[in-house]
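The values are calculated or read from the model by the stated rules, or taken from the named source; none is laboratory data. It should be emphasised that the depicted structure is a prediction, and the values quoted were computed from it without experimental measurement. Because the Cβ atoms are built from the backbone with ideal geometry, glycine has one as well, and the counts that use them run over all protein chains shown.
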Amino acid sequence: MLFGSTFVPVKHAVATAGPVPFLAVRFLAGALMLWPFARRRPARPGEVAAALRCGVPLLAGYLLQTWGLRYTTASVSAFLTYLLVVLVPVITAVTGRRLPSRPVAAGVAVCTVGLYLLTGHRFSIGLGEALTLGCALAFAVNIIAIDREVAVHDPVRLAAGQLAVVGAGCLVPGFFAGGYRLSAGVVGAALYTALGASAIAFGLQVWGQRRVGPTRTSLLLMVEPVTAALIGWAFGDRLGPAGWAGAALILAGIAVAEVPAALDRTVNTGEACG
């Protein structure tokens, strides 16, 4: 929900500022906001490498998404980005030999149909679409990398580390892609997204992935486009019948995937207590 809440402020910010310097300010500020909490946690060997393994695909994803938006629409970009819901279980199945359960597979299918209805667009593969497909792949790799690293490293330190990698990766290119003469409104949007989406949301995601797998994480992240659509509607955008149907299907897909697992945990807990 926090990720989705950034849609309106970011949309207005990048209309007047370069996307790359905006990302640099956002992610470096987010890392600084998390650092006071991260520094209280014990450091472990290899956490810098772990932050790079998580942060580099996240950096690639945001840069590819930004470049892709120059050549395609925001709606097509949203649909292609959230093909990560399909890519995560495919990559996991290929690399980790962990096939998703039937409820999760069904939830992925329902969410994908729902997101297509939510965006309400057909698309063809051009330069923008190809770049955004690369973005979806990079975000999927990031989710899988977090799943591997969070079992070993502190989630708060890992979240701060990957944010620092993204910010540092955008810092120098930002001087050549619009510069850092940002208006007060753009700085405000950067600070809001740094706190809400970068520091808190990424921190919650990394912490939560200690308890749920990468496929279920990607499904839960489908709340983002629904939240973005609802906030956009509140600011004047209209979803239409197909859009509302798509939002409902996304929530239904999450329920299809999550309810059986929740019931299993409840039953197992009850048996353990008994």
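Test R122 against the criterion of being among the basic types (K, R) and at pLDDT below 85, and give yes or no. Walk me through it before giving the result.
Values: among the basic types (K, R): yes; at pLDDT below 85: yes.
Here the answer is yes, as R122 does meet what is asked.
Checking L2 against (1) in contact with a Ser or Thr (Cβ under 8 Å, 6 or more places away or on another chain); (2) among the aliphatic types (A, V, I, L, M); (3) under 30 Å from A234 (Cα atoms), which single condition isn't satisfied?
L2 satisfies every listed condition except (1).
Of all residues being surrounded by fewer than 20 Cβ atoms within 10 Å (Cβ to Cβ), farther than 26 Å from V172 by Cβ and within 17 Å of the chain's Cα centre (by Cα) in the stretch 4-46, which is modelled with the highest pLDDT? Just the residue, please.
Across the stretch 4-46, the extreme among qualifying residues is S5.
When the residues of the stretch 96-108 are narrowed to those that are among the hydrophobic types (A, V, I, L, M, F, W, C), surrounded by 14 or more Cβ atoms within 10 Å (Cβ to Cβ) and farther than 17 Å from V223 by Cβ, which ends up modelled with the lowest pLDDT? Working first, answer last.
Residues of the stretch 96-108 that are among the hydrophobic types (A, V, I, L, M, F, W, C), as a first pass: 99, 104-106, 108.
Pick out the ones that are also surrounded by 14 or more Cβ atoms within 10 Å (Cβ to Cβ) and you get 104-106, 108.
Those left that are additionally farther than 17 Å from V223 by Cβ: 105-106.
Numbers: A105: 82, A106: 85.
Among those residues, the one meeting the criterion is A105.
Residue-by-condition table, conditions (1) surrounded by fewer than 23 Cβ atoms within 10 Å (Cβ to Cβ); (2) in contact with an Asp or Glu (Cβ under 9 Å, 6 or more places away or on another chain); (3) of a type in the set (D, E, K, R); (4) within 21 Å of A159 (Cβ to Cβ):
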{"site": "L182", "(1), (2), (3), (4)": "yes, no, no, no"}
{"site": "G188", "(1), (2), (3), (4)": "yes, no, no, no"}
{"site": "A197", "(1), (2), (3), (4)": "yes, no, no, yes"}
{"site": "T215", "(1), (2), (3), (4)": "no, no, no, yes"}
{"site": "S218", "(1), (2), (3), (4)": "no, no, no, yes"}
{"site": "L221", "(1), (2), (3), (4)": "yes, no, no, yes"}
{"site": "T227", "(1), (2), (3), (4)": "yes, no, no, yes"}
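If only one of R26, R41 is basic (K, R) and part of a helix (DSSP H, G or I), which one is it? Talk me through it step by step, then tell me what you get.
Details: R41 fails: part of a helix (DSSP H, G or I).
The conditions single out R26.
Against the condition part of a helix (DSSP H, G or I), within 18 Å of G203 (Cβ to Cβ) and at pLDDT below 80, how does S77 come out, does it pass?
Values: part of a helix (DSSP H, G or I): yes; within 18 Å of G203 (Cβ to Cβ): no; at pLDDT below 80: yes.
When the stated conditions are applied, S77 does not pass them.
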